[in-house]
Amino acid sequence: MSAPDYFAFFGLEPKLSIDAAGLEERFYRLSRELHPDRFSRAAPDERAQAEQAAATLNDAYRTLRDPIARAEYFLRREGFEAPDGRKPPANLLEQVFETSQALEDLRGGDESARARLEEARVRMRVALTEGDARLRVLFEDYDRLGDRASLAGIRAWLDRRKYLGNLLVQIESEPARP
């Protein structure tokens, strides 16, 4: 069985930018139509189909309402798979190394590393905010022009975003000063 097309499931044109209110409206309408309780007296295969449709509806809604999850889904549809994730993007190697070193220093008792980590945390938060704003522009560019270079730019940002997010989690999981 092939994977369902989430856009088609909602009757939407496959686009990176979507009307969130319209998606929510469709979700609630389909939720009422497809709810398994409506099929409680149906044949077992119909009940199973209703349960599967409800599960697909929930997965599709979760994916399409979140811009990052929607972009990842869209890129997979278009053949822009995410890399294996073991190696950071080249333009992040230095930042990964510096952050890892500061974390190691802090864990080794060097409290001066805390200031370096705070600076890195602020830089990463700013980079995420600016990058996500740029992502919206790339969404609009692709939707308007269908330019595959926009998809490559989106893929590059999502790869970078994932690493920044992981680094932030590491920094923010360090206990505060005693």
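Couple of notes before you dig in:
- Test: residue in the range 16-36 that is over 14 Å from D59 (Cβ atoms), crowded, with 17+ Cβ neighbours inside 10 Å and among the charged types (D, E, K, R): yes
- The residue that is farthest from A69 (Cα to Cα), among those in the range 105-115 that are in contact with a helix residue (DSSP H, G or I) (Cβ under 7 Å, 6 or more places away or on another chain) and surrounded by fewer than 18 Cβ atoms within 10 Å (Cβ to Cβ), is D105.
This table checks each residue for (1) aliphatic (A, V, I, L, M); (2) in contact with a Leu (Cβ under 8 Å, 6 or more places away or on another chain); (3) not assigned by TED's automatic domain parsing to the domain that holds I18.
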position: G109; (1), (2), (3): no, no, yes
position: R116; (1), (2), (3): no, no, yes
position: E119; (1), (2), (3): no, no, yes
position: R125; (1), (2), (3): no, yes, yes
position: D132; (1), (2), (3): no, no, yes
position: Y142; (1), (2), (3): no, yes, yes
position: L158; (1), (2), (3): yes, yes, yes
position: R161; (1), (2), (3): no, yes, yes
position: L168; (1), (2), (3): yes, yes, yes
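- Filter result for R41 (over 26 Å from the mean Cα position of the chain (by Cα), of a type in the set (D, E, K, R) and not assigned by TED's automatic domain parsing to the domain that holds R155): yes
- Residue pairs meeting the criteria (Cβ under 7 Å; at least 6 apart or on separate chains; first under 19 Å from Y28 (Cα atoms), in the range 40-55; second surrounded by 14 or more Cβ atoms within 10 Å (Cβ to Cβ) and of a type outside the set (D, E, K, R)): A50/L34; A50/P36; A50/F39; E51/P36; A53/L34; A54/L34; A54/H35; A54/P36
- The range 133-158 - residue that is of a type in the set (D, E) and in contact (Cβ under 8 Å) with a residue 60 or more places away in the chain and, of those, surrounded by the most Cβ atoms within 10 Å (Cβ to Cβ): D143
- Residue selected from the range 90-117 under the condition acidic (D, E) and over 25 Å from the mean Cα position of the chain (by Cα), by the criterion farthest from E174 (Cα to Cα): E98
The values are calculated or read from the model by the stated rules, or taken from the named source; none is laboratory data. Since we're looking at a predicted model, the values are computed, not measured. Every residue, glycine among them, receives a Cβ derived from its backbone with ideal geometry; neighbour counts consider all protein chains shown.
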